[in-house]
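Notes to accompany the following structure.
The values are calculated or read from the model by the stated rules, or taken from the named source; none is laboratory data. Remember, predicted model here, so these are calculated numbers, not experimental data. Here the Cβ is made from the backbone with ideal geometry for all residues, glycine too, and neighbour counts use every protein chain on show.
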Amino acid sequence: MVSLSPRDLIPRSQQEVRGRLAALEERRNRLRAYGDRMVAEFRERFPDAPAYLTRYADRTNNDFRWRRSAARRWRGEGVRRRNTSIELTGEDGMLLLQWLPEETRRVWIDYERRRIELNLALALTNYERMRLRDYLDRVAVLRRLGRESAG
């Protein structure tokens, strides 16, 4: 059995870490652009839907979500709340999907699959970015402590 050290898994230099951070930033931008195109495509295809896809600007690592429509025509239609976040795999989402024609439901389920895959890719990317930034910060503190104790 070959021994594996954590050092075998991380970039060897701070320059490599910075390069990885730049690559992750580019990936994040491409993923968000993909999501923004998906949102626009959905809204164009279903302009008067009882829910719509949107991108949230919070830090939950769940960037793209469904939101109930606040349009008057959808008020009081089974789902208790309006203009709130909704999960299509949750109770309210399942109820909403039941109202849709079969073909539309299949399309929405495909959008949901794409959305959850996108959110996973973004969450993993964001987590790695966060950990690498934290690593650089801590290494800088250690370097400063080393200089202070040597001087």
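Scan region 72-88 and give yes if some residue there is at pLDDT 95 or above, over 20 Å from the mean Cα position of the chain (by Cα) and among the charged types (D, E, K, R), otherwise no.
Scanning region 72-88 turns up no residue that is at pLDDT 95 or above, over 20 Å from the mean Cα position of the chain (by Cα) and among the charged types (D, E, K, R).
Those residues that are charged (D, E, K, R), assigned to a helix (DSSP H, G or I) and more than 14 Å from the chain's Cα centre (by Cα), I need them from region 35-52; list them, please.
Residues satisfying the conditions are Arg37, Glu41, Arg43, Glu44, Arg45.
Report every pair of residues separated by at least 6 positions or lying on different chains whose Cβ atoms are under 7 Å apart, first residue within region 1-17 and closer than 17 Å to Leu136 by Cα, second among the aliphatic types (A, V, I, L, M).
Listed pairs, sorted by first residue: Pro11/Val17; Gln14/Leu136; Gln14/Val139; Val17/Leu132; Val17/Leu136.
Rundown of residues vs (1) within 13 Å of the chain's Cα centre (by Cα); (2) in a helix (DSSP H, G or I); (3) hydrophobic (A, V, I, L, M, F, W, C); (4) more than 19 Å from Thr54 (Cβ to Cβ), yes/no style:
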position: Met94; (1), (2), (3), (4): no, yes, yes, yes
position: Arg114; (1), (2), (3), (4): yes, yes, no, no
position: Glu117; (1), (2), (3), (4): yes, yes, no, no
position: Leu120; (1), (2), (3), (4): yes, yes, yes, no
position: Thr125; (1), (2), (3), (4): yes, yes, no, yes
position: Arg131; (1), (2), (3), (4): no, yes, no, yes
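For region 49-71, give me the residue count where each residue is over 17 Å from Asp36 (Cα atoms) and at pLDDT 90 or above.
Number of matching residues: 2.
Quick test of your reading of the structure: Met94 fulfils all but one of (1) farther than 14 Å from Thr125 by Cα; (2) hydrophobic (A, V, I, L, M, F, W, C); (3) modelled with pLDDT of 90 or more; (4) surrounded by 14 or more Cβ atoms within 10 Å (Cβ to Cβ). Name the failing condition by number.
That leaves (4) as the condition not met.
May I ask you to list pairs of residues, at least six apart or on different chains, whose Cβ atoms are under 7 Å apart, with the first in region 111-134 being in contact (Cβ under 8 Å) with a residue 40 or more places away in the chain and the second being among the hydroxyl-bearing types (Ser, Thr, Tyr) and in a helix (DSSP H, G or I)?
Leu118/Tyr34
Residue-by-condition table, conditions (1) out of contact with any Gly (no Cβ under 8 Å at 6 or more places or on another chain); (2) outside any loop (DSSP other than H, G, I, E, B); (3) among the small types (Gly, Ala, Ser); (4) surrounded by 10 or more Cβ atoms within 10 Å (Cβ to Cβ):
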residue	(1), (2), (3), (4)
Glu16	yes, yes, no, yes
Ala33	yes, yes, yes, yes
Thr54	yes, yes, no, yes
Arg59	yes, no, no, no
